[in-house]
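Participant: Below are the structure tokens for one structure; questions will follow.
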Amino acid sequence: MKQYDCTIIGGGPAGLNAALVLGRARRNILLVDEGKPRNRVTHHSHGYLTRDGISPQEFRSIAQKEVLQYPTVQHLPDQVISSQATEDGFRLETAKGGSIFTKKIILSTGLTGNLPSIQNIEHFYGKSLFVCPFCDGWELSDRPLVILAKGQHAFHLAKMVYNWSRDLVICSNGDPELSEAQLSILSNRNIPVYGQPIKELRGLDGELSSVEFTDGQLLKRTGGFVDISWTHASTLHLSLGCETDDTGAVRTDASGQTTVPGIFAAGDTALFSPSQLIIAAGEGSKAAMGVVKDLVDEEF
């Protein structure tokens, strides 16, 4: 039975860049990816030098083509559903009934976002409502924007987005959970806070036009940012015994190795936040170099 030097689980920017580095290191690797990236609803990705504004689909297509030109890299469109340690590595089982034997693992399965319960929000997410101002703030510059969040997350988002637009409001869809000091700071920046329940978001073709409250008030907004709750897209790290930190991120050392020898984590899995493409790719590169060092130390 063939044993891979490393199996990468998850084919986002972290997994793809890990595959590139490992392929160039002449290692036999398998990239397992079910093709459901976190940013698939987004039309354009930003902040990646030479690829600014690229669509996520085109980015993945280019990356996969570059990675698969290396003969020791294989791609499997599947999902790893279970795993167990063996004497010389790990055995992975896939949704399609396959078995994979591998010396090392890189977990780059990413995160899944859970939108707040607001009617129609899914129609605007990724088109005129976003989560990261560094990714999409430029496109919304100087527009009337809404922050859909509450508490410290709302305060932090408002401070950050204020860099791109001074026409801001916070809609908390209930108790804003802000301190008097925070409300005073926001008031001094002319950022009103609306705590009444939201009936629905309005707009056409993904472009937000207004927020309607249950009391009938209509607030014109043409875009904004939303606070999303995040969960791991896979629980493999738990079944493998990898520890997580207080934020939920898979705990890693400076090389990307988890608390379980032979298992590495990269990208959103290790950061537990929706990172930019360039950051996730760098994380994948770091983990791949850690894998190569581990293999070399064992073989030399």
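Participant: By residue number, which cysteines of the chain lack any other Cys whose Cβ falls under 4.7 Å from their Cβ?
Facilitator: Cys6, Cys171, Cys242
Participant: Mind checking which of Tyr125, Gly113, Val169 is farthest towards the positive end of segment 107-171's charge dipole, using Cβ charges of +1 (Lys, Arg) and -1 (Asp, Glu) about the Cα centre?
Facilitator: Looking along the dipole axis, the top candidate is Val169.
Participant: Which order results if Lys150, Lys65 are arranged by neighbouring Cβ count within 10 Å, fewest first?
Facilitator: Lys65, Lys150
Participant: With Kirkwood radius over Cα pairs in Å defined as stated, name the option among (i) 21.3; (ii) 27.7; (iii) 20.6 computed from the structure displayed.
Facilitator: (iii)
Participant: In nm, to one decimal, how far is the modelled label at Gln152 from the one at Lys293, with both set 7 Å along Cα→Cβ?
Facilitator: For Gln152 paired with Lys293, the spin-label model returns 3.2 nm.
Participant: Within segment 88-245, how many lysine pairs that are 8 or more places apart, or on different chains, have C-alpha atoms less than 21 Å apart?
Facilitator: Summing the qualifying lysine pairs gives 7.
Participant: Sticking with this one: Just the Kirkwood number for segment 200-241, please: inverse of mean 1/r across all distinct Cα pairs, in Å, one decimal.
Facilitator: Across segment 200-241, the inverse of the average 1/r is 13.3 Å.
Participant: Over segment 96-168, what is the mean sequence separation of C-alpha contacts under 8 Å (at least six apart), divided by residue count, expressed as relative contact order in percent?
Facilitator: 26
Participant: Restricting the calculation to Cα positions, tell me the Rg (one decimal) and the Dmax (whole number) of segment 75-213 in Å.
Facilitator: When restricted to Cα atoms, segment 75-213 yields Rg and Dmax of 21.4, 63 Å.
Participant: Roughly speaking, what is the stretch gain from Ser273 to Ser209, that is 0.36 nm per residue apart minus the C-alpha to C-alpha distance, in nm to one decimal?
Facilitator: 20.2 nm
Participant: While we're looking at this one, here's another question. Rounded to the nearest 0.05, what FRET efficiency is calculated for Thr247 and Glu87 with R0 set to 30 Å and r the Cβ-Cβ distance?
Facilitator: In this case the efficiency is close to 0.30.
Participant: Most exposed first by the Cβ proxy, i.e. fewest other Cβ within 10 Å, how do Ile118, Ile8, Ile170, Ile81 rank?
Facilitator: With the sparsest Cβ surroundings first, the list reads Ile81, Ile118, Ile170, Ile8.
Participant: So what's the angle, to the nearest 10 degrees on a 0 to 90 scale, between helix 151-161 and the longest Cα principal axis of the chain?
Facilitator: Taking Cα atoms only, the helix is inclined about 90 degrees.
Participant: Over segment 116-226, calculate the relative contact order: mean separation of alpha carbon pairs under 8 Å at least 6 apart, over the residue count, as a percent.
Facilitator: So the answer I get is 34 percent.
Participant: Rank the residues Lys96, Lys103 as a footprinting-exposure proxy: fewest other Cβ atoms within 10 Å of their Cβ go first.
Facilitator: The order, fewest Cβ neighbours first, is Lys96, Lys103.
Participant: Relative to the first principal axis of the alpha-carbon coordinates of the chain, what is the inclination of helix 56-67, with its axis defined by its Cα atoms, in degrees from 0 to 90 and to the nearest 10?
Facilitator: 20
Participant: Mind checking which of Ala280, Ile263, Phe300 is farthest towards the positive end of segment 258-300's charge dipole, using Cβ charges of +1 (Lys, Arg) and -1 (Asp, Glu) about the Cα centre?
Facilitator: Ala280
Participant: Given +1 on the Cβ of Lys and Arg, -1 on the Cβ of Asp and Glu, and no further charges, what dipole in debye does the chain carry about its Cα centre, rounded to the nearest 20?
Facilitator: Taking the Cα centre of the chain as origin, the dipole is about 580 debye.
Participant: To continue, here is another question. What is the angle, in °, between the Cα long axis of helix 277-299 and the longest principal axis of the Cα atoms in the chain? Nearest 10 is fine, range 0 to 90.
Facilitator: 20
Participant: Further question: HN-Hα J couplings of segment 140-148 from phi, Karplus 6.51/-1.76/1.60, θ = phi - 60°, integer Hz, Gly and Pro as x?
Facilitator: Along segment 140-148, the couplings run 9, 4, 6, 8, x, 10, 10, 9, 9 Hz.
Participant: Might you report the magnitude of the Cβ-based charge dipole of segment 114-200 about its Cα centre, with Lys and Arg at +1 and Asp and Glu at -1, to the nearest 20 debye?
Facilitator: Computed charge dipole of segment 114-200: roughly 120 debye.
Participant: Which whole-number percent gives the relative contact order of the chain, counting Cα pairs below 8 Å spaced six or more residues apart?
Facilitator: 22
Read-outs: derived from the displayed coordinates by stated rules, not from any lab. Since we're looking at a predicted model, the values are computed, not measured. All Cβ positions, even for glycine, are placed from backbone atoms using ideal geometry, and neighbour counts span all protein chains on display.
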